[in-house]
Amino acid sequence: MLEDASATPPHTREWLRVGVFLATGIAGFFLLTRFDADLMYWRQVLLGGDKPDGFIRQITVSLRQIPTVLPIVVTLIVIASYDSRRKQIIPLVLSSILISQVISNAGKWTIHRDRPAAVVEELEELASLEADPSWQGWSPGIRRGSTTQSFPSGHSSAAFAFLAPLAMFYRKISWMFLGLAAGCAVSRYLDAVHWASDCFVGGMIGYASAYLMCRAFKVSTSLAN
C-alpha cells in the first residue's frame, strides 16, 4: 500500500507551529505599536482617564490577580492533591513562570518605554499621530522607576506562563485557561498601565515559555489531541 503523501511528519508540524507563532508575534507587535496611541485614546474616551469604576473595575482587578502568588499556590495544591501527573505539571508550571519573568523583566530593565500614565495628558494629540511617543530607546543597565518599565507586561507574561501549561494538560477546558490569561492581559490595557502592544508581547513571552518547558518536559504541545 502506498504511504499517504498528505501525512505531515511530526517534526514538520512542530516547525510549522513555531513559524506561525513567530510570524503572528512579529506581525501583531508591529500592528499594535502602529495603533497603540489610537487604542489608548479610545480607551480614554470610553472609560475616562482614570482606572475603570464599578463592575468593570471589579473584573479588571480580579483578572489582574490571576498570576499572583495565592492563585498559583492554590491551583498547584489542588493539582498535587488530585492529579496523578502532579510531578510533571507542577515543575513545568513553575519553570514556565520563572523563565517568562526573567525574560519580561530583562525587557523592562533594558528597554525604556513610558507607561500610558506618563503621556495620558497628551492623548488628544496622540490620536492624530502615527505612533505614540512612549518609546525612549535602549538603555540597559540604567536603574529606572516603574513608570518607564511599560514594555513588556509582566502580568500578561506570567498569566500565560501559568495557564498555558494547564491548557495543554486539561484540554477539555483549555478555552477557560487561555481565556483567563487573555483577560488578564486585556485588564492591564483597560487599567491604562500598559499599552496594548506591551500586553500582546507579554502574552507571547508567557506562551513561548510554556511551550519551551512543555518541550523540555516532553509534553505534547498540541491542544487538538
With all protein chains present, how much of the accessible area of segment 29-98 (probe radius 1.4 Å) comes from carbon and sulfur, to the nearest whole percent?
69 percent
Just to make sure I understand: if all protein chains stay in place, what is the order of Leu46, Leu166 by accessible area at 1.4 Å, largest first?
Leu46, Leu166
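R0 = 22 Å: FRET efficiency of Thr24 with Leu94, Cβ-based, nearest 0.05? List each step's numbers first, then the result.
Values: r = 27 Å, r/R0 = 1.21.
The pair Thr24/Leu94 has a calculated efficiency of 0.25.
Ranked highest first by average number of other Cβ atoms within 10 Å, how do 34-43, 156-165, 195-204 line up? Don't skip to the end; give the middle numbers.
Working: 34-43: 19.3, 156-165: 30.2, 195-204: 26.8.
Those peptides, ordered most packed to least, come out 156-165, 195-204, 34-43.
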Stretched out fully, how many nm does the piece from Arg13 to Val61 gain, at 0.36 nm a residue minus the Cα gap?
13.4 nm
Excluding same-chain residues fewer than 8 positions from Lys51, which lysines have a Cα within less than 30 Å of its Cα?
Lys108
R0 of 25 Å, Cβ-Cβ distance Lys172-Thr68: FRET efficiency to nearest 0.05
0.45
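The values are calculated or read from the model by the stated rules, or taken from the named source; none is laboratory data. These numbers were taken from a predicted model, which means no experiment stands behind them. Reconstructed Cβ throughout: ideal geometry from the backbone, glycine too, with neighbour counts over all protein chains shown. Accessible surface areas use protein heavy atoms only, side chains included; no ligands, DNA or RNA. Shrake-Rupley method; radii C 1.70, N 1.55, O 1.52, S 1.80 Å.
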